[in-house]
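Notes to accompany the following structure.
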Amino acid sequence: MFVLLLGLVSLAQGQLAGYSAKTDPSLKLTPTRPIVKNPEEKDALITCIVQNQGDFTLMWKKTSKIPNRDATVLSANTHMVTSDKRMQVMHATGGQVYVLKITNVTVFDAGIYFCEVNTDPPIRAFRELTVLRRQYRKVQKLPLPSSDTNSSHNFTSCCVSKNVSTSCQQYCHIDFVMDSIGLGKPEECEEQFPSIVSCMADGRNHMPCCVDAGIPEMCTE
């Protein structure tokens, strides 16, 4: 009788707190150790374990690298919110494990991820993902032939062909840009920068190289 009475008291205390002890969601079993991925490893698996989920929703989120910006919602249960097709949530119906899978992982995927249950207040479990950069051998840089038309890093002729205005053509010469010689007001040429950058990149897409080299995402936009 005494044991039964204690059980009833415990149950009542849980209900007063908002939910019974039996149905309280918990993320205590979720691993917390950091995840480190080598460049050769294509997939990253981030595990979250939720007990007594009930009718609550488990969301995967990623913290922003920009101060004072809200975390990005990636998923709600198994429904994907992000438009990134490389991400998916693996979960067996009725199970406790939710795995966020990121395929073809890059250095841009590194950061703090967390799973969150929408209780009041919410409960969260954080996981840090680190993606190591590729290591490249240093090679000797050979001088360009003197006949190379771009040996002086002057892409003005390309800019002219793309109708870049005369006042903005100074940005088509790398030496002027690096030395800040003769530069006017950059904001006046902002709309023409895509054409200028295209010329300076020689019409090629250098994004894969920037990704492998670990160039910050905000610098590649």
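The residues neighbouring residue 32, those whose beta-carbon lies less than 14 Å from its own, together hold a net charge of +3 under the Lys/Arg +1, Asp/Glu -1 convention.
A Förster radius of 25 Å combined with the Cβ-Cβ distance from residue 86 to residue 29 puts the calculated FRET efficiency at roughly 0.40. Shown in residue order for region 53-65 are the 3J(HN,Hα) couplings computed by the Karplus curve 6.51 cos²θ - 1.76 cosθ + 1.60 at θ = phi - 60°: 5, x, 8, 6, 9, 9, 10, 9, 9, 10, 5, 7, 7 Hz (x for Gly and Pro).
Given a Förster distance of 30 angstrom, what is the FRET efficiency for residue 51 paired with residue 76, based on the Cβ-Cβ distance and rounded to 0.05?
Values: r = 19 Å, r/R0 = 0.62.
Approximately 0.95, to the nearest 0.05.
Would you mind getting me the FRET efficiency between residue 118 and residue 190? Use the beta-carbon distance for r and R0 = 30 Å, nearest 0.05. Working from the Cβ atoms, E equals 0.10.
FYI, it's all coordinate maths here, none of it is from the lab. All values reported here derive from a predicted model rather than from experimental measurement. Because the Cβ atoms are built from the backbone with ideal geometry, glycine has one as well, and the counts that use them run over all protein chains shown.
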